[in-house]
């Protein structure tokens, strides 16, 4: 069983390999383990990420089948079903690391900015449920000078939104909170750059 720090380093190493392969023109990592997989899941990390088609979590972390338990939702927001999925993985597998992964140019964050700038435009109930969860990360920023620089605003809001999701999982799931306190679990935030392929872990609190 990997510790949280060991799982985090494995993800860092996999991302370094991914970035190197992209820069050097090497083929992306290929996993041929399907026929060898055990009948049970055994992921070493849980990843809550965005549904964006440009962000394939196993690929950018250099991992393959049965390595990661990935939960994807637009804007990497924490809804009740997401909490349930995380708790299912925490209770059922040996993974001790949860990563909330945002990414540059997030469409969910951009949609939230536009919704706040144009409140008269109607959203579908489903999209509204996502936007409402991202709003707290954006509203304060729109009151600063960042409102005049959309790119900088979205960049800052992406990180703020990841932080909200990290705190939600740390403190509003009793199971996760207990595992962090007693079992060496960690929940960390990170951002994937669409431009460079690099994943930056900007919150490793509790990963010791």
### Message
Give me the mean projected area, in nm² to one decimal, of the convex hull enclosing the Cα positions of the chain.
### Response
12.6 nm²
### Task
Using the number of other C-beta atoms within 10 angstrom as an exposure proxy, rank 144, 124 with the fewest first.
124, 144
### Summary
In nm, the gap between the two label points placed 7 Å beyond Cα toward Cβ at residue 81 and residue 127 is 1.8 nm
### Task
Relative to the longest principal axis of the C-alpha atoms of the chain, give the angle of the C-alpha long axis of helix 125-138, reported between 0 and 90° and rounded to the nearest 10°.
90 degrees
### Query
In degrees, nearest 10, range 0 to 90: what is the angle between the Cα axis of helix 80-92 and the longest Cα principal axis of the chain?
20 degrees
### Task
Would you please state which residues of segment 63-97 a label at residue 174 would reach in this model, taking the label point 7 Å out along Cα→Cβ and a backbone N cut-off of under 20 Å?
79-93
### Task
Rounded to the nearest 10 degrees, what's the angle between the helix 107-117 long axis and the longest principal axis of the chain, both from Cα atoms, 0 to 90?
20 degrees
#### Entry: Mean residue ellipticity (222 nm) of the chain, computed from DSSP H runs ≥ 4 via -39,500 (n - 2.57), nearest 500
-14500 deg cm²/dmol
### Query
Would you list 78, 158, 100 from fewest to most Cβ contacts within 10 Å?
78, 158, 100
### Task
Compare the peptides 117-123, 13-19 by average per-residue count of other Cβ atoms within 10 angstrom and give them in order, highest first.
13-19, 117-123
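Every read-out reported here was derived from the displayed coordinates using simple, explicitly stated rules and does not represent laboratory data. Treat the numbers as computed from the prediction; the structure is a model and nothing was measured. Reconstructed Cβ throughout: ideal geometry from the backbone, glycine too, with neighbour counts over all protein chains shown.
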